[in-house]
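The values are calculated or read from the model by the stated rules, or taken from the named source; none is laboratory data. Values in this document were obtained by computation on a predicted structure and should not be read as measured data. Glycine gets a Cβ as well: all are built from the backbone with ideal geometry, and neighbour counts include every protein chain shown. Heads up: the accessible areas ignore ligands, DNA and RNA and are worked out on the full protein's heavy atoms, side chains in. Shrake-Rupley method; radii C 1.70, N 1.55, O 1.52, S 1.80 Å.
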Amino acid sequence: FRALTHDVLRLLIDKGHTKIAYIGGRERISSEPNKLPDPRELEYIEVMHQNKLYYGPYVRVGDYSAQSGYDLALDLIDSNKGNPPTAIFCGNDSIALGASKAIQEKGFVIPNDIAIFGVNDIPTLQYTSPSLSSVRVHTEFMGEVALKLLNERMKKERSLKLSVNIPYQLILRESI
């Protein structure tokens, strides 16, 4: 998630965006009392700081639903009147769908006023208006690799830790 976030932000920066917002979510692990920051959020903060583009009022975090994306995008736009972001990176496609609706309801044109990018590349995105850009994460391959690694550990076939990078692909559509 950190690598794909870096690549999306690099693409947006290379396209000339300097006011990039983040709308994401957090989940709670049963053993932890607080919700944990998402790797996408952490990478967003790091990349934006490295490029001297970080602006705290452009960060919104809720849950991973379309309703949350809608509500947070409305709040983001209302709170930054006169200084709206020119791009929004969303933690997942549900958030991007909700944010897209809010952006358009507020009278902004995607991508002319505000570009939008999601994560997961759900099939619905190609049929939205405008069609939304996303990151295709190869989740089936991720599951296959996870099962293989779990099986190796259970059978004690491998004692060394292994790090695996799952491939992803930026899907560029009308929203950028």
Exercise for review: Ignoring everything but the protein chains, give the 1.4 Å probe accessible area of SER68 in square angstrom, nearest 10.
Suggested key: 10
Point to revise | Principal axis box of the chain, alpha-carbon based, largest edge first, Å | key: 59, 36, 30
Practice item. Keeping all protein chains in place, calculate the accessible area per residue for the chain (probe 1.4 angstrom), answer in Å². Key: 55
Revision key, fill the gap. Contact order relative to length for the chain, counting C-alpha pairs under 8 Å separated by 6 or more residues, stands in percent at 20
Check your understanding: Roughly to the nearest percent, how much of the accessible area of region 1-115 is carbon and sulfur, given a 1.4 Å probe?
Key -> 50
Review point. Are there GluC sites (Glu not before Pro) in region 97-176 that DSSP puts in a loop and that have at most 10 other Cβ atoms within 10 Å, and which ones?
Key: GLU157
Review point. Summing -39500 (n - 2.57) over the DSSP H runs of n ≥ 4 in the chain and dividing by its residue number, what mean residue ellipticity at 222 nm do you reach, to the nearest 500 deg cm²/dmol?
Key: -12500 deg cm²/dmol
Study note, to complete from the structure: In whole angstrom, largest first, the equivalent ellipsoid semi-axes that the Cα gyration tensor gives for region 15-79 are 22, 17, 9
Review point. Which links in LYS52/LYS106; LYS15/LYS81; LYS35/LYS81; LYS52/LYS81; LYS52/LYS101; LYS81/LYS101 stretch past 25 Å when you go from one Cα to the other?
Key: LYS52/LYS106; LYS35/LYS81; LYS52/LYS101
Review point. Put MET48, MET154, MET142 in order of accessible area, largest first, 1.4 Å probe: what do you get?
Key: MET154, MET142, MET48
**Study point:** Rounded to 5, the percent of DSSP beta bridges in region 13-156 classed as antiparallel
**Key:** 10
